[in-house]
1. Where does the Debye-calculated log10 I(q)/I(0) of region B:114-176 sit at q = 0.15, 0.25, 0.29 Å⁻¹, using only Cα point scatterers of equal weight, no solvent?
2. Among A:Leu44, A:Trp64, A:Leu34, pick out the residue whose Cα is farthest towards the positive end of the charge dipole of region A:21-66, where Lys and Arg carry +1 and Asp and Glu carry -1 on C-beta, about the Cα centre.
3. Determine one quarter of the surface area of the Cα convex hull of region B:21-66, which equals its mean projected area, and express it in nm² to one decimal.
4. What does the C-alpha gyration tensor say about the overall shape of region B:151-205? Classify as rounded when a/c is under 1.5, otherwise prolate if a/b is larger than b/c, or oblate.
5. Once you sort the root eigenvalues of the Cα gyration tensor of region B:90-199 as a ≥ b ≥ c, which label holds: rounded (a/c under 1.5), prolate (a/b larger than b/c) or oblate (the other case)?
6. How many nm is it between the label spots at A:Glu47 and B:Arg109, if each spot is 7 Å from the Cα in line with the beta carbon?
7. I'd like the mean, over residues of A:177-186, of how many other protein chain beta carbons sit within 10 Å of each residue's own Cβ.
8. What accessible area, summed over both chains, is buried at the A-B interface (1.4 Å probe, Å², nearest 100)?
Number of protein chains: 2
Amino acid sequence: MTVPDSSVPSVPKLRGRPRSPATDAAIIEAALRLLEEGASVGGLSIERIAREAGVGKATVYRRWPGKDALMLDVLRSLEEPSPEPAGVSVRDDLVTVLEFMRRRGLAKRHSALLRTVVTQMHAHQELWRAYDENVIAARRASLRAVLRRGRESGEIRADVDLELLADLFTGPMLSRAMLHEWKELPEGLAERIVDTVLAGVSPRD
Amino acid sequence: MTVPDSSVPSVPKLRGRPRSPATDAAIIEAALRLLEEGASVGGLSIERIAREAGVGKATVYRRWPGKDALMLDVLRSLEEPSPEPAGVSVRDDLVTVLEFMRRRGLAKRHSALLRTVVTQMHAHQELWRAYDENVIAARRASLRAVLRRGRESGEIRADVDLELLADLFTGPMLSRAMLHEWKELPEGLAERIVDTVLAGVSPRD
């Protein structure tokens, strides 16, 4: 488990600094333990998490304004830091991004806890969107920078909009990793997706 | 609401034929009503559904071997029949498939009930997979037939495997429709995805 990186601010803003990282971690671990034991994201209360962590409710509320903000950090604690694209070949950077998604998909398959937390978060629309805006947004920005660079360098056509480009590369990996969890995520998949989307699937003359 | 098409067999196999379509529909509607009122897929019992439908438990069990099979038909009842590809241009057939997915995504956004049922099913791994194998499999087979035809006609390169091809076309639409529900699903998106995947995103010489 990684404790949330304090350089990535939680939104809504945390209150009551300075925080003790050990207490933060104890609270997050308590929530994870309860989820692992079968508690549902919807059913968990701050009170129950505080009791499990052996702290008072006020201690939790000094760190997180509410359960949703705490749950975001719980999910974030299960995430690996995403890699920095090397910035040399756009093709290789796209592979790096997709390979990270592939590994994340594999991790989710191998961890009942991660799967439970992610699918339960998905069932809570507001939480899912907050997760996207806080955790995924940084990755998306990094992907957009790669795509923009590709357009500037001529590796990517200029007439396809960035939003669609991002979906063309990530959609095939995401749908396998997140929606069709019984499909394989073999090594080399990231490369195959990137190269095929770049080249297109109709024959080139 | 559409009552499940009896030409599409439920798996596990239904028992106790002949069935009365009116009773089937009443049971499915009862389950939908309970879900709409906030019952969770996990919390619903056959007993409660039977009571709501005004029938005995045995009447439900004569039709469905258990709750999972019933839930599959509940979800199926919310689905529109998928279109038959016209079989003329492979490009147009791909657009038909993706346009159906786009409309399904829009329907899910406009129906809290559909969203609730789909995301809750997704949180139940076994149910989700059964849904895929029973409801989605037919659509996937139809897409594969289109792709195979495209390879035979030369509209699609022969060196990309069918599984990857299917993901390249459907992944971008699925990830928007199912995972990023706040992104737009504008008219023309199906055409843009199909044409861009066919052509590729690197410049053609």
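The values are calculated or read from the model by the stated rules, or taken from the named source; none is laboratory data. Model, not experiment: these values are computed from the prediction. Every residue, glycine among them, receives a Cβ derived from its backbone with ideal geometry; neighbour counts consider all protein chains shown. Only protein heavy atoms, including side chains, enter the accessible area calculation; ligands, DNA and RNA are left aside. Shrake-Rupley method; radii C 1.70, N 1.55, O 1.52, S 1.80 Å.
1. Ignoring solvent entirely, the Cα scatterers give -0.58, -1.09, -1.22.
2. A:Trp64
3. Details: hull surface 11.3 nm².
Average projection, Cα convex hull of region B:21-66: 2.8 nm².
4. On the way: a/c = 2.45, a/b = 1.69, b/c = 1.45.
Prolate, because a/c is 1.5 or more and a/b exceeds b/c.
5. Details: a/c = 2.48, a/b = 1.51, b/c = 1.65.
It comes out oblate by the Cα gyration axes.
6. 3.9
7. Values: counts 2, 5, 11, 9, 5, 5, 3, 1, 0, 0.
Average neighbour count from other chains, rounded to a whole number: 4.
8. Details: alone 11400 and 11410 Å², together 18440 Å².
Rounded to the nearest hundred, the buried surface is 4400 Å².
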